[in-house]
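Quick note: the coordinates plus some simple rules give every number you see, no bench work behind them. Keep in mind the model is a prediction, meaning the values are calculated, not measured. Cβ placement follows ideal geometry from the backbone for every residue including glycine, while neighbour counts extend to all protein chains displayed.
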Amino acid sequence: MTPDFPQNSASPPNAALSPPTVRVRLRINGNEQTAELDTRTTLLDALREHLHLTGTKKGCDHGQCGACTVLVNGRRINSCLTLAVMHEGDEIVTIEGVGVPGALHPLQAAFIEHDGFQCGYCTAGQICSAMGMLTEAKAGWPSHATADVAAQRIALTEAEIRERNLHVLATLDSLEERRGDIDEESPLVQELARIDNKLNVLMDIVTRLLVPESVLPARHRIRLNATGALVSSELVPSSTGPLLLRLHIDACRALPLELPARHQPGADQGSAFLVFEPLGEAVSDGLERFVFRHHRRKVAEARQSLT
Ligand code: FES
């Protein structure tokens, strides 16, 4: 439907009342583009309305939804919250510069493979945001549990390790079960659990991309429960001091579980038993659930192969 406005017979607006404009040069997806812009134009409007790069979407238009996320000099920003004139000379990447049909960025391919679209409106922003997050993670940016966020190097404290382990376990949960073990019937809680699961899966997609398979350690079979792990003795250093066992579990191989442990003598020849140091209740519970699920699945597989 076309809106029906009365014809305006007035002459063009007085130039003195026109907003000030400025010629802005922007480097977008490797190409230099210029536009004559009202100085108050947001980067989002410049991209969409003036340069016709409509892949970047406008959702809330005030910095809350992230649909408009683009990369500026490798950092993710909400393009609705910044003015185009502030970005002369910056390297801007929009979804149009990330990948194209036939040559998708691995993140785009992963979104397709894992059905990460929902309605698709904000997918461009999610992908740009995930790209920015990969860069942050590679640069060693702190996590939710980091005490000194200004530190040059993030120390692997107990809290840091616990936080990472809980994330890995939650990701494994959502990848393997694909539903929350939640008794609460409230539709809101159910919905939040569903979103949480989906976010965990998306996080896993991102973390899988962080580490190429070629740099991961070789695969080994180990036996594991919430108190310790039985591993081949050739994998265990000869020193008797405290150890940190890093387990890259296949389902989300990039982020390992990091389990402080010590060597307990007495295992069969060729094996070493590592007893975990206290892991905290939440991590122990998560580990127990993981082991139980794994066991249950193996039993089901074995039964199926007999039928
Ligand atoms: S449009 Fe929602 S954050 Fe920019």
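Only Cα pairs under 8 Å and 6+ residues apart enter the sum, and on that basis the relative contact order of segment 257-300 stands at 28 percent. Residues whose amide H falls under 5 Å from that of Glu91, counting only those 5 or more places apart or on a different chain, are Asn73, with hydrogens built in the peptide plane. Couplings 3J(HN,Hα) for segment 48-62, derived from phi with the Karplus relation 6.51 cos²θ - 1.76 cosθ + 1.60 (θ = phi - 60°), are 7, 8, 9, 9, 6, 9, 8, x, 6, 9, 9, x, 7, 6, 9 Hz, where x marks Gly and Pro. A simple packing score, the average count of other Cβ atoms within 10 Å per residue, orders the peptides 69-80, 113-124 as 69-80, 113-124, with the highest score first. A straight chain from Leu235 to Glu96 at 0.36 nm per residue would run longer than the Cα-Cα distance by 45.4 nm.
Only residues of segment 24-62 count here: report those whose backbone N is under 13 Å from the spot 7 Å along Cα→Cβ of Ser18, or say none. Correct set: 36-39.
With r as the distance between the Cβ atoms of Asp196 and His114 and R0 = 25 Å, compute the FRET efficiency 1/(1 + (r/R0)^6) and round to 0.05.
With a Förster radius of 25 Å, E is 0.95.
Once both labels are positioned 7 Å from their Cα atoms along Cα-to-Cβ, the gap between Thr157 and Asp61 label points is 4.4 nm. Computed over segment 18-131, relative contact order equals 29 percent, with contacts defined as Cα pairs under 8 Å that lie 6+ residues apart.
Between Glu36 and Thr135, the FRET efficiency estimated from the beta carbon spacing at R0 = 41 angstrom works out to 0.80. Close amide H pairs (under 5 Å, H built 1.01 Å from N) link His105 with Gly99, Val100, residues at least 5 positions away or on another chain.
Couplings for segment 79-91, taken from phi via the Karplus curve 6.51 cos²θ - 1.76 cosθ + 1.60 with θ = phi - 60°, read 6, 7, 10, 9, 8, 4, 5, 7, 10, 4, x, 6, 8 Hz in order; Gly and Pro are left as x.
Residues whose amide H comes within less than 5 Å of that of Asp38, counting only those at least five positions distant or on another chain, are Val22 (H built at 1.01 Å from N in the peptide plane).
Scalar couplings 3J(HN,Hα) for segment 119-124, obtained by applying the Karplus form with A = 6.51, B = -1.76, C = 1.60 to θ = phi - 60°, are 7, x, 4, 9, 4, 4 Hz; x denotes Gly and Pro.
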